[in-house]
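Participant: Structure incoming, see below.
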Amino acid sequence: MKNTEHTTARWRPSRNIWALSAVSFLTDASSEIIAPLLPLFLTTTLGASVRTVGLIEGGAESIASLLKLASGWWSDHSRRRKPLIVFGYALASLVRPLVAVAQSTTQVLLIRFTDRVGKGVRGAPRDALLAASTPAEFRGRAFGLHRAADHAGAVAGPLIAMACLAWFGMPMRKVFWVAAIPGACAVLVALFLVRESDTDTVANAAPIERGTQPAKSARATDARATDAARAPLPRAFTRAMIPICLFTLGNSTDAFLILRAHQLGVSVALIPLLWVVLHIVKGLSSTPGGALSDRVGRKPLIVSGWLLFALVYAGFALARTTWHAWALFAVYGVVFGLSEGTEKALVADLVPAAVRGRAFGWYAATIGVAALPASVIFGAVWDRFGAATSFAIGAALGAAAALLLLLLVPAPPSPKHAS
């Protein structure tokens, strides 16, 4: 029987939850000024094929995800999350607007890869810090709020892009330069408002004041923390990565959704607005989705989200008119509200705090390993057999992953009793 008594207490987000959410809002505003226009920029301005779009986007996400493994491991051992978080946001914010001067797909590839290096460096330490900055019984809400802020930024970004295109008549290259402004603001917030959490249990002890504890005892505390950080990851976590990997193989880059929408008749000027619709739904559903997972469990929410994903991809395969694209984008946003933050809360539930950075790193690496072949194969199938076949394959993989999650992964302990 599920223990739901802990959900009745009132949750107040900590300073770190608000600060990290603000950073994500500003970063996504910067990123999403560029993101909805980039597939069209590649295919129309630079003459790239759909397969090349898949290689660039899938490869960039793979780089980010694999780097999260290293940064998560390092943050566990150093017991410092913030330096990696600040560096990751700064690197991405510096290189992202350089798409404005790119003259070839190779240059875009290098810029995107460097941007995603920044994402990879910051991702796992940030998620571990989020998990450490809220009580276990409210973890779903914390990750849901963070994702909601992220998606709110993804609403602001395309609106800025659309205003620049429609109201000010800017060409795409000039619009890309505008992304530098919110990116710089994100770095300043990360630098001055985010702090190492005083509830982080990686060290398994509060910071030691000079003169209040013998050096031998301090060394013993450090030794215990190091041993804890080297502990193996639980088997339940390892098993959970199998269906997550399978799901990612079907969930290729969202750049293909933009190309499909354009194929269905959505104009270039309206693509940013379509992206806004997607992220409004994501933002509105993320916090309720996380809160619901605190009450009914992580698995039901993830399975529901993945099955809905399968239906949406099947819809993209069968779509014939422009309004289909708008409707499917809106429903697709609910998929993220149900599963995105809940997956991260599941990771936090399945592992002890001392190895949480490493666990988030492996979670991201698992997604990264699958992201590149997912997008490359999707693009190749599209070029050879058409969009409908690609989306049908993605739908089948999403449904199979939901079934595998039900069969392989036991329900995690109640959040009330999590580490």
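Computed from the coordinates by the stated procedures, all read-outs in this text should not be read as laboratory data. Because the structure is a prediction, the values reported are computed rather than measured. Because the Cβ atoms are built from the backbone with ideal geometry, glycine has one as well, and the counts that use them run over all protein chains shown.
Participant: Mind checking the dipole of the chain: about its Cα centre, +1 per Lys or Arg Cβ, -1 per Asp or Glu Cβ, Debye to the nearest 20?
Facilitator: My answer is approximately 640 debye.
Participant: For the stretch 277-340, which trypsin sites (Lys or Arg not before Pro) are in a loop by DSSP, counting at most 13 other Cβ atoms within 10 Å?
Facilitator: Of the trypsin sites (Lys or Arg not before Pro), the ones in loops of the stretch 277-340 whose Cβ has at most 13 other Cβ atoms within 10 Å are R320.
Participant: Here's something else I'd like to know. Would you please give the FRET efficiency between F192 and W167, computed as 1/(1 + (r/R0)^6) with r the Cβ-Cβ distance and R0 = 35 Å, to the nearest 0.05?
Facilitator: 0.60
Participant: Could you tell me which of T321, L37, T366 has its Cα farthest along the dipole of the chain towards the positive end, charges placed at Cβ (Lys, Arg +1; Asp, Glu -1), taken about the Cα centre?
Facilitator: Going by the charge dipole, the pick is T366.
Participant: Would you please classify the overall shape of the chain from the alpha carbon gyration tensor, given that a ≥ b ≥ c denote the square roots of the eigenvalues, rounded means a/c under 1.5, and beyond that prolate means a/b larger than b/c while oblate covers the rest?
Facilitator: prolate
Participant: To test your reading of the geometry: what angle, between 0 and 90 degrees and rounded to tens, separates the Cα axis of helix 180-193 from the longest principal axis of the chain?
Facilitator: Its long axis makes an angle of about 10 degrees.
Participant: Determine the dipole magnitude for the stretch 71-177: charges of +1 sit on the beta-carbon of Lys and Arg, -1 on that of Asp and Glu, nothing else is charged, the reference point is the Cα centre, and the result goes in debye to the nearest 20.
Facilitator: Dipole magnitude for the stretch 71-177 comes out near 160 debye.
Participant: Based on other C-beta atoms within 10 Å, arrange V101, V268 from fewest to most.
Facilitator: Final ranking by Cβ density, sparse to dense: V101, V268.
Participant: If you don't mind, there's one more thing I want to ask. About the Cα centre of the stretch 261-419, how large is the charge dipole given +1 on each Lys and Arg Cβ and -1 on each Asp and Glu Cβ? Please answer in debye to the nearest 20.
Facilitator: With Lys and Arg at +1 and Asp and Glu at -1, about 220 debye.
Participant: How high is the relative contact order of the chain? Use alpha-carbon pairs under 8 Å, at least six apart in sequence, and give a whole percent.
Facilitator: 30
Participant: Using 0.36 nm times the number of residues separating A269 and A327, minus their current alpha carbon distance, what extension gain do you get?
Facilitator: Roughly 19.1 nm would be gained on extension.
Participant: Which residue fluctuates the most in the chain, going by a Gaussian network model with Cα springs under 10 Å, if the choices are H146, H279, H77?
Facilitator: The residue with the greatest mean-square fluctuation here is H77.
Participant: May I pose another question? Using the Cβ atoms and a cut-off under 15 Å, what net charge is assigned to the surroundings of G333, where Lys and Arg are +1 and Asp and Glu are -1?
Facilitator: -3
Participant: To continue, here is another question. On a 0 to 90° scale, report how tilted helix 322-350 is relative to the longest principal axis of the chain, with both axes built from alpha carbons and the result rounded to the nearest 10.
Facilitator: Long axis of 322-350 versus the principal axis of the chain: about 20 degrees.
Participant: To continue, here is another question. State the extension gain, in nm to one decimal, for the chain segment bounded by R10 and V296, taking 0.36 nm per residue of separation less the distance between their alpha-carbons.
Facilitator: Residue separation times 0.36 nm, minus the Cα-Cα distance, leaves 101.2 nm.
Participant: Let me ask something additional. Report, to the nearest 10°, how far helix 82-95 tilts away from the longest principal axis of the Cα atoms in the chain, using its own Cα long axis and a range of 0 to 90°.
Facilitator: 20
Participant: Relative contact order (percent) for the stretch 226-358, with alpha-carbon contacts under 8 angstrom and 6 or more residues of separation?
Facilitator: So the answer I get is 39 percent.
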